[in-house]
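In what follows, a single structure is set out as structure tokens and then discussed.
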Amino acid sequence: MTASEFQYQLIDLHAPLLSFAYKLTSDKDEAKDLVQETFLKALINSDKFINGSNLKAWTYTILKNTFINDYRKDLRHNTYSDQTVEGSALSKLPSNSADNPDTLFISKELELAIESLDDCNRIPFKMHSAGFKYKEIAEKLDLKIGTVKSRIFFTRRKLVKQMNS
């Protein structure tokens, strides 16, 4: 398939991709942005498309993965901890957190509690909260992955107890 054929076939997928993006986002503007980002990624990575395979499925996969990655990125920016049972008290803050005095107080209290932790617990916890994977933390701190997981788990549990008391 030539580059121009690829582009024409990609343009023909605009309407179905937009419909799929709208189902994921429930917002017309976000859906349009998602389709535009999908087109950009498809064009940049057109050399990775295998001739004879399904272009529609390939672009749908790009769109879906882009949506998931953006969702995870937004979740990391709005989350202090994982969405586990113990971490639920530390999870997502309201989006208007800058305007809410209660939220500001709680987040400052949480920051103080985190800063009061020992380095061996605080550093892995903060790295995990910033979006690092367990494996990345283990490699950077030269620890076993099980040690990292247990430190984060027990730190989360300690913070929840501290915040609830």
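Please treat every number below as a calculation from the coordinates, not as lab data. It should be emphasised that the depicted structure is a prediction, and the values quoted were computed from it without experimental measurement. Here the Cβ positions follow ideal geometry from the backbone for every residue, glycine too, while neighbour counts run over all protein chains shown.
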Below 24 Å, Cα to Cα, which lysines can Lys133 reach? Residues fewer than 8 away in the same chain don't count. Lys64, Lys73, Lys92, Lys144, Lys149, Lys158
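Exposure proxy check: Tyr71, Tyr60 ranked by fewest other beta carbons within 10 Å?
Fewest-to-most Cβ neighbours within 10 Å comes out as Tyr71, Tyr60.
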Taking the convex hull of Cα positions in region 109-155, its mean projected area over all directions (nm²): 2.9
What is the list of residues in region 22-42 whose amide nitrogen lies under 15 Å from a point 7 angstrom out from the Cα of Asn65, following Cα to Cβ? 37-42
Kindly write out, for region 41-54 in residue order, the coupling ³J(HN,Hα) from the Karplus curve 6.51 cos²θ - 1.76 cosθ + 1.60 (θ = phi - 60°), rounded to whole Hz, with x marking Gly and Pro. 5, 5, 5, 5, 9, 4, 5, 8, 6, 8, 3, x, 8, 7
By how many nm would the segment from Asn51 to Ser116 lengthen if fully extended, with 0.36 nm per residue of separation less the alpha-carbon distance? 17.7 nm
What's the magnitude of the charge dipole for region 3-77 around its Cα centre, counting Lys and Arg as +1 and Asp and Glu as -1 at the beta-carbon? Answer in Debye, nearest 20. 260
